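**Student:** Below you will find the structure I want to go over with you.
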Number of protein chains: 2
Amino acid sequence: MLLLESGEDIIVVDCGVAFPEPEQPGIDLVLPDITYLRQRRDRVRGIFITHGHEDHIGALPFLLPDLLPAPIYGSRLTLGLISVKLDEAKLLSRTELREFDPNQRPAIAAGAFIVEPFRVCHSIPDAVGFGITTPAGLVVVTGDFKFDETPIDGVLTDYDHLAAFGDRGVRLLISDCVHVETPGHTPSERVVGETYREVFRGAPGRIFIATFASLISRVQQVIDTAAEYGRGVALLGRSLEKNVGIALELGYLKDPSAVLIDAQVAAQLPNERVVYVVTGAQGEPMAALSRIASGQHREVTIGAGDTVIVSATPIPGNETAVFRVINRLFRAGAEVIYGQRALVHVSGHASQDELRRMLELTRPAHVVPCHGEHRHLMLYAELAMEAGIPAEAITLVENGDVVEISADQVVVAGQVEHGYLFVDGRTVGEVGDVVVRDRRALAQDGILMVVVGIDRELGQIVVGPEIVSRGFVHVTASRELMEGAKAHLREALDAVGNGFEMADVNTLSRELKSAAAAYFHRETRRRPMVVPMVMDVQNGSRSEWH
Amino acid sequence: MLLLESGEDIIVVDCGVAFPEPEQPGIDLVLPDITYLRQRRDRVRGIFITHGHEDHIGALPFLLPDLLPAPIYGSRLTLGLISVKLDEAKLLSRTELREFDPNQRPAIAAGAFIVEPFRVCHSIPDAVGFGITTPAGLVVVTGDFKFDETPIDGVLTDYDHLAAFGDRGVRLLISDCVHVETPGHTPSERVVGETYREVFRGAPGRIFIATFASLISRVQQVIDTAAEYGRGVALLGRSLEKNVGIALELGYLKDPSAVLIDAQVAAQLPNERVVYVVTGAQGEPMAALSRIASGQHREVTIGAGDTVIVSATPIPGNETAVFRVINRLFRAGAEVIYGQRALVHVSGHASQDELRRMLELTRPAHVVPCHGEHRHLMLYAELAMEAGIPAEAITLVENGDVVEISADQVVVAGQVEHGYLFVDGRTVGEVGDVVVRDRRALAQDGILMVVVGIDRELGQIVVGPEIVSRGFVHVTASRELMEGAKAHLREALDAVGNGFEMADVNTLSRELKSAAAAYFHRETRRRPMVVPMVMDVQNGSRSEWH
């Protein structure tokens, strides 16, 4: 998410989600914290969306209630994909969607800004960047882009428009940089079709192609190849069916030979007449491919004679999951074609030559790389300097940074409140860093709960100490360890004072915790989380020490 | 670990550890379950080790007590590395280490077997494979290998010996296959030196090279390049210092210009005179590179002017950790050279051409690929068939499979007891699958402990219900949720019966658990682990329901 602010006017560019890192267990989605924006919601003149991928639209259902009544601007397919989300979140009727056609080169006024969308190629059709005229000059936001000279939908990046921006004078280019590590030019999406054709030629039975639900152009290539080889195409996976449905309806996906068929129909056809497009190319355990691989899919059982194309590159962090699925598919008897064996995926992002060409077309006075990790920003800065941009005209920013664009300079002028909100089940923001840190600790060494009931009047333990553990050691296998712990804890409590009337419940609780932690560390060299609980059975009070 | 058994004789080849998968949180190491072997320990005639990597020697300190008095056979460096481990485990004095020199082509009798080690190239010096004459014919175990024509230590794979095995007739080849996805020939380790030289030529300040502690030949290249460019080389990381120490002592690492210096000495030298070799190229959080990147290293602070070479390829699953370290190094101002930018690492394993050549040299009647995941076995089988091995002569095995080699055939003839033992802290095998499953569940949604104290005679709750959670929601932020839960639980307990004397403690416990689980799922759509505890304050009994 990117904000542009001038006087009393704010526009928002994109509103996406991030996916949780391995260190954020149990988290479903990560949203940007928009406290800053929420406090200024009456100034938001519009939300401009570059394209329909989750990392650009996924946060809308969660954050839009704080941004309304600002309208959402997008191209046709982008708004189609957003509609489905807002409908599910019961927000559609309250939201104003304003469609633009980038081919018309519209100029959309939004407060102090004039926004001109321009066509770019990316791994989803109908993607755009924005040329934004601001009081401080023209800002070009590339959005996610590549320069594909033979795109599947035939729609090229609007080079003329970019060059025209260059002629008008670009004060600041905000450029995609995530693929800057790769030299040369990203291959055209079309090359994947070559691999498909080769596989279709040789496959004796069913073909399964796993890809991203949003990769509409990949689905188009499957449809085209299937038509060529006389196969029907069935979709498996809810998100895929939904996206394909919208893309067909809006004309971004074409099926002239009517090869798309229902899964039930596919099940009736001979194996060599069927292609399945399935979700789960990243090894997501609940998606179609994983379930097929582990024999848990309701409709499809895989086996000898089947061919699977895993048409994706694992996102860092997903490798183990993806390879586990591939191993299972092989074990089930299928032939599996994946990235190490054939060209089954190309990126939707610009490589070094394309990033240079974007700089040449727009000739910006200043650049800010975005949409990358810190190493990408650094490498982009190197590339931009090689392309003739002076070092002082390149600004590297972190989340939350405020970039001030004035007549004299473009500089980081401060920071606004920012951060992340975690979505977990139905809760948004209730699971924070402390909870996630606890989850990591629980996963490492487990937890021990130590409970005693005391009677302060009698000055003695009347129940316990009882110990319950989870994720620590198998309890029945460690009876001796646990009995030792109980004896140790009883001694520790006895040592606290002469009778419990002297020690308050919190002191006992603290003692219980530290004695248990010390005992188990000495015996096992591990540090499980210890949660003590001392209950006073006479007056029902209890305390817990953190 | 591989066993060969004939009559009353068993020999063991290698005894390594696996590293835990992301789904095995908190586990330090994974050992093979050697129940089968332990029950037959009096038959073990020898443990033959191919080379000194952890996945081939790492389990010895844990499992050797069950295998003694069987001697360990290995080449000089391999036994050197093993000695350190056994010394630390206080097993060295009880163990018989029998050194062999593969250049002498010894033939070692061990029960019914004659074992002939042969030199192979790998990413550690002094690596071997074994030609093993058995009553059923000659079995060749390649060990981990590549065919490096310009190895750093000048020691080539013993092609003649392999060809001689081929002439004698190889009944079974057990081949490394882990790099079978890669076409062509694995580059020589020497090419990494070219990258080093290029970096050394241009680096204005200190150079840090992160690699594996066992990659002795990589350290040799650093030493050679440093000598060429007039820099001193200091080591950071205990495992690295230990391995380098042994390799120097045994002559496998040479420092003719005496460039190796202490870190304290390095700290006194001008920046452009220093190279640090550091551990942590896989992003391991406690290793030197991670600590340097996050500013937590005791001796070294990184900054502008420094150059870091991350001389490794992330092992699948480690990508996020590695890239996090790289981002931090960039952020600290360092220049970072890594796999996406330059040739900083080559594999120690054979690619397709080398695997084919091994087949050509040994001309086996049967093959069993090993040391790979299932997809590697499948691709190796394809490669072997292309190389002329009939399909029925290729046997794919899983852990625990028994391969029977007879005059007629080589087939999987059964399975022995097998599996994994987890090392966690000081405990070996006490943390099992149940505990690990619990840890995963704890990490996903956290845990809730629900405690009530009841008085059965009075028929009432005298303490609680009290709820303690960890990793679920932030408690203070969810007071309402917790108060609601308590009220709900009280009702649920009241509904169990007319007075608690009717219901036993286990029934109450069960009710407490299911009521809490239902309440929290309804409110949050999440399923935390719920641990109930009902304590009878009158007679001190308690029960917990699983």
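**Student:** Is the range B:182-202 home to any residue that is over 26 Å from B:Val244 (Cα atoms), modelled with pLDDT under 95 and out of contact with any helix residue (DSSP H, G or I) (no Cβ under 7 Å at 6 or more places or on another chain)?
**Tutor:** yes
**Student:** On to the next question. For the range A:237-255, check the following and say yes or no: at least one residue is touching a residue at least 60 places away in the same chain (Cβ under 8 Å), in contact with a strand residue (DSSP E or B) (Cβ under 7 Å, 6 or more places away or on another chain) and crowded, with 21+ Cβ neighbours inside 10 Å.
**Tutor:** no
**Student:** Conditions first: (1) at pLDDT 85 or above; (2) part of a loop (DSSP other than H, G, I, E, B); (3) exposed (fewer than 15 other Cβ atoms within 10 Å of the Cβ); (4) not hydrophobic (A, V, I, L, M, F, W, C). B:Glu483 passes all but one, so which condition is the exception?
**Tutor:** (2)
**Student:** Please count how many residues of the range A:398-415 are in a loop (DSSP other than H, G, I, E, B), touching a strand residue (DSSP E or B) at 6+ places or on another chain (Cβ under 6 Å) and either at pLDDT below 90 or more than 30 Å from B:Phe472 (Cβ to Cβ) (or both).
**Tutor:** 0
**Student:** Taking the condition of being within 12 Å of chain B (Cβ to nearest Cβ), part of a loop (DSSP other than H, G, I, E, B), more than 22 Å from the chain's Cα centre (by Cα) and of a type in the set (A, V, I, L, M), how many residues in the range A:305-343 meet it?
**Tutor:** Number of matching residues: 3.
**Student:** Which residues, taken from the range A:331-361, are in contact with a Leu (Cβ under 8 Å, 6 or more places away or on another chain) and farther than 30 Å from A:Gly169 by Cβ?
**Tutor:** Within the range A:331-361, A:Val336, A:Arg341 qualify.
**Student:** I need a count of the residues in the range A:396-448 that are out of contact with any His (no Cβ under 7 Å at 6 or more places or on another chain), closer than 30 Å to B:Thr427 by Cβ and hydrophobic (A, V, I, L, M, F, W, C).
**Tutor:** Residues in the range A:396-448 being out of contact with any His (no Cβ under 7 Å at 6 or more places or on another chain), closer than 30 Å to B:Thr427 by Cβ and hydrophobic (A, V, I, L, M, F, W, C): 6 in total.
**Student:** Would you mind finding the one in A:Leu489, A:Leu493 that is at pLDDT 80 or above, crowded, with 17+ Cβ neighbours inside 10 Å and away from chain B (no Cβ under 14 Å)?
**Tutor:** A:Leu489
**Student:** With the condition being among the β-branched types (Val, Ile, Thr), in contact (Cβ under 8 Å) with a residue 12 or more places away in the chain and closer than 30 Å to A:Val435 by Cα, I'd like the helices (runs of 4 or more DSSP H) fully within the range A:1-113 carrying at least 1 qualifying residues.
**Tutor:** Values: elements: A:35-38, A:54-57, A:60-63, A:76-88.
It comes to A:35-38, A:54-57.
**Student:** Give me the pairs: first residue in the range B:431-455 and within 10 Å of B:Met529 (Cβ to Cβ) and at the interface with chain A (Cβ under 7 Å from one of its Cβ atoms), second residue surrounded by fewer than 22 Cβ atoms within 10 Å (Cβ to Cβ) and of a type in the set (Ser, Thr, Tyr), beta-carbon distance under 8 Å, and six or more apart or on different chains, which are they?
**Tutor:** Nothing qualifies.
**Student:** From B:Val44, B:Val17, grab the single residue that is over 22 Å from B:Arg105 (Cα atoms), more than 14 Å from every other protein chain (Cβ to nearest Cβ) and at pLDDT 95 or above.
**Tutor:** B:Val44
**Student:** Kindly evaluate A:Ala266 against the criterion of being buried (at least 17 other Cβ atoms within 10 Å of the Cβ), assigned to a helix (DSSP H, G or I), within 14 Å of chain B (Cβ to nearest Cβ) and touching a residue at least 24 places away in the same chain (Cβ under 8 Å).
**Tutor:** no
**Student:** Might you check whether a residue that is touching a residue at least 24 places away in the same chain (Cβ under 8 Å), farther than 25 Å from B:Thr133 by Cα, within 13 Å of chain A (Cβ to nearest Cβ) and crowded, with 17+ Cβ neighbours inside 10 Å occurs anywhere in the range B:403-422?
**Tutor:** Yes: the range B:403-422 contains one or more residues that are touching a residue at least 24 places away in the same chain (Cβ under 8 Å), farther than 25 Å from B:Thr133 by Cα, within 13 Å of chain A (Cβ to nearest Cβ) and crowded, with 17+ Cβ neighbours inside 10 Å.
**Student:** For residues in the range B:465-485 being without any contact (Cβ under 8 Å) to a residue 12 or more places away in the chain and facing chain A (nearest Cβ under 7 Å), which is farthest from B:Met449 (Cα to Cα)?
**Tutor:** Checking each candidate, the answer is B:Ala477.
**Student:** Every residue in the range B:501-535 that is modelled with pLDDT of 85 or more, closer than 25 Å to A:Gly453 by Cβ and of a type in the set (A, V, I, L, M), please.
**Tutor:** B:Leu512, B:Ala515, B:Ala516, B:Ala517, B:Met529, B:Val530, B:Val531, B:Met533
**Student:** Mind listing just one residue for me: the one in the range B:453-465 that is in contact with a helix residue (DSSP H, G or I) (Cβ under 9 Å, 6 or more places away or on another chain) and crowded, with 22+ Cβ neighbours inside 10 Å and, of those, nearest to B:Pro20 (Cα to Cα)?
**Tutor:** B:Pro465
**Student:** Let me ask something else. For the range A:76-125: of the residues being under 24 Å from A:Leu4 (Cβ atoms) and hydroxyl-bearing (Ser, Thr, Tyr), which is surrounded by the fewest Cβ atoms within 10 Å (Cβ to Cβ)?
**Tutor:** A:Thr95
The values are calculated or read from the model by the stated rules, or taken from the named source; none is laboratory data. Computed from a predicted structure; not experimentally measured. Positions of Cβ are generated from backbone atoms using ideal geometry, with glycine treated the same way; all protein chains shown enter the neighbour counts.
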